[in-house]
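These notes are about the structure you will find just below.
The values are calculated or read from the model by the stated rules, or taken from the named source; none is laboratory data. Values in this document were obtained by computation on a predicted structure and should not be read as measured data. Quick reminder, even Gly has a Cβ in these numbers, built from the backbone with ideal geometry, and neighbours come from all protein chains shown.
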Amino acid sequence: MLTKKVKVRISVLFFFILLAVTIALLVLKSLEDNVVYFFSPSEVNSNKNISFNKTIRIGGLVKKDSINKEKNSINFIITDLNNEIIVSYSGLIPNLFSEEKGVVAEGKLKDNKYFIAEKILAKHDENYMPPEVKMALEKAKN
């Protein structure tokens, strides 16, 4: 039979375990709301549940002969060799941004074929391709 002292220790231990699990769940839930997901153009085209109000990332290759620079903005097409998305961006373009190179654009979808970017992520040397983009392109080839 358990003494009163042992019962109190077990209760306190149970309380701290319950508290730790609750805190972990709250942290994971808050991170889930702030995570920005990466999608390829094919995933955007096939997924009808993508929110147009949520910030997402679209990645792939910049299509050849698709870059159209205007005064304060640039329009280009991101492709995964199966599907394409038109991207519009206003802001500073990374030096390594060019045609037929990997790129990830962060922003919001206007519809399944048009994306308004808030950031262009191409901060790597010209031979590097983000692993997510590389995997999406390999999936698209198969």
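Quick check: anything in the stretch 104-112 of a type in the set (Gly, Ala, Ser) and either part of a loop (DSSP other than H, G, I, E, B) or outside the structural domain of residue 133 (by TED's automatic domain parsing) (or both)? The answer is no; no qualifying residue exists.
Taking the criterion of being surrounded by fewer than 20 Cβ atoms within 10 Å (Cβ to Cβ) and aromatic (Phe, Trp, Tyr), the only residue of the stretch 39-88 that qualifies is 52. When you check residue 116 against the structure, is it farther than 21 Å from residue 131 by Cα and assigned to a strand (DSSP E or B), yes or no? Yes, satisfied. For the stretch 58-86, the set of residues classified as hydroxyl-bearing (Ser, Thr, Tyr), under 17 Å from residue 41 (Cα atoms) and over 17 Å from the mean Cα position of the chain (by Cα) consists of 66 only. Of the residues making up the stretch 34-42, one or more are in contact (Cβ under 8 Å) with a residue 24 or more places away in the chain, in contact with an Asp or Glu (Cβ under 9 Å, 6 or more places away or on another chain) and part of a helix (DSSP H, G or I). Within the set 128, 89, the sole residue that is at pLDDT below 90, of a type in the set (Ser, Thr, Tyr) and either within 19 Å of the chain's Cα centre (by Cα) or closer than 18 Å to residue 47 by Cβ (or both) turns out to be 128.
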